[in-house]
Amino acid sequence: MTKLYFDNPQGVILIDGVKCNGNIANADGSFCIQYTPYDDDYLPIICAVNGKGKLRDDVIFIRHGKDYIVRFCPQKRPCQRQSQIYIQKVLEPNGGGTSHCLTCHIDEVCKISVETQSELITLNTPCKVADVKFSCIPISSGQLLTIFANLENGKKYACVLHYKDDYTLLLDLCCDDIVAEEDGLRVRDCLCDTLGRSCIRKLSFCGDCFAEQSRHFENHCAHFYIDEIIPYALVESVCYGDNDCAADCLCPAMRGCNLKELFGDFIGICDCLDYTPFEITLLYSDCCGLYTKTFRFDVRQGKIQKIKLT
């Protein structure tokens, strides 16, 4: 039996014609899933799964063992008129070298293509592009092409390609902000966590790839939190690698505790259960599927005194 965990569905779900009530359903190895959005502006989804899962534009199956996390991404109903608005930029390097053409249809697909007369690479973006910058830097082994795009959802998309006789993808990321500096790139990701943190990474070009040189965390909501928030701050800090904040959540006697060993390789916080103060249920995955573990936290005066697996 396969378990299906639905990620924030905004519509009616049927499995083999039977309506699902809730965010979890059971199915056989092969099943038919139907999804009708509440919003009539979006198209319904019908998908058959034969046990191997599928990759589609309108539904995402994240497989964990024999179970799936299902995320629906319905498409807008097409307008009667389809416009062909696009961005196109051509790079013709000074002093010779290969010319490159970038094309992006900003009203239809979430893709950017870069091509020469004989080579083509297509890049997938998380959503539609609002604006894009395209530049080229000659290096001893060819050319470095950089693409910085503003996305419709307010995020930034960055891509770096190496070109000699063909395109090689060196960097492909989506973030909240990115700045090019003399010695690399500074990337900011705003984390949707309890503390409202931002993760700032420094990426540098190291011969044939971009490597992370450093990272740190910034918290613009620095104030005292009630004790019930502290366990979430700790677990999220462990997840993101914010060791300083994790240590600050613990009492002095617990700061030698190996939190990675204690919590294990969890893949997220299971927030679909009823809230219980000072308890957090973590989600795990193995070859058999998804499972959970619940931890109880003893917190006094803003510091965690003890952690117990319930």
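The values are calculated or read from the model by the stated rules, or taken from the named source; none is laboratory data. Predicted model, so just to flag it, every value in this text is computed and none were measured. When we count neighbours, we look across all protein chains shown, and the Cβ atoms used for this are built from the backbone with ideal geometry, even at glycine.
Just a few scattered comments:
- Scan of region 258-271 for residues that are under 21 Å from I229 (Cβ atoms) and either part of a helix (DSSP H, G or I) or at pLDDT 90 or above (or both), ordered by number: L259, L262, F263, F266
- L282 being crowded, with 16+ Cβ neighbours inside 10 Å and part of a strand (DSSP E or B): yes
- Exclusive hit being more than 21 Å from L161 (Cα to Cα), assigned to a loop (DSSP other than H, G, I, E, B), of a type in the set (A, V, I, L, M, F, W, C) and modelled with pLDDT under 90, set C79, C32: C79
- Among residues of region 285-310, those that are part of a strand (DSSP E or B) and within 27 Å of K66 (Cβ to Cβ), counted: 10
- Tabulated pairs, region 185-201, first touching a residue at least 40 places away in the same chain (Cβ under 8 Å), second of a type in the set (K, R) and surrounded by 15 or more Cβ atoms within 10 Å (Cβ to Cβ), C-beta under 9 angstrom, 6+ apart or interchain: L191/R197; C199/R188; C199/R215
- When region 152-181 is filtered for residues that are without any contact (Cβ under 8 Å) to a residue 24 or more places away in the chain, charged (D, E, K, R) and either touching a Gly at 6+ places or on another chain (Cβ under 7 Å) or assigned to a strand (DSSP E or B) (or both), the ones remaining, listed by number, are K156, K164, D177, E181.
- Qualifying residue in region 270-278 (condition: among the aromatic types (F, W, Y), more than 25 Å from R215 (Cα to Cα) and surrounded by 14 or more Cβ atoms within 10 Å (Cβ to Cβ)): yes
- Residue match in region 28-35 (condition: surrounded by fewer than 16 Cβ atoms within 10 Å (Cβ to Cβ), more than 15 Å from F72 (Cβ to Cβ) and charged (D, E, K, R)): yes
- Residue that is modelled with the highest pLDDT, among those in region 182-197 that are part of a loop (DSSP other than H, G, I, E, B) and buried (at least 16 other Cβ atoms within 10 Å of the Cβ): L191
- Scanning region 272-310 for residues that are under 17 Å from I230 (Cβ atoms) and within 24 Å of the chain's Cα centre (by Cα) yields a total of 3.
- Condition check for F297: surrounded by 17 or more Cβ atoms within 10 Å (Cβ to Cβ), outside the structural domain of L145 (by TED's automatic domain parsing), over 30 Å from I62 (Cα atoms) and touching a strand residue (DSSP E or B) at 6+ places or on another chain (Cβ under 9 Å): yes
- Residues satisfying the stated conditions in region 1-27, i.e. exposed (fewer than 15 other Cβ atoms within 10 Å of the Cβ) and in contact with a Leu (Cβ under 8 Å, 6 or more places away or on another chain): I24, N26
- Among the conditions (1) part of a loop (DSSP other than H, G, I, E, B); (2) under 22 Å from L185 (Cα atoms); (3) of a type outside the set (S, T, N, Q); (4) touching a residue at least 40 places away in the same chain (Cβ under 8 Å), the only one that V114 does not satisfy is (1).
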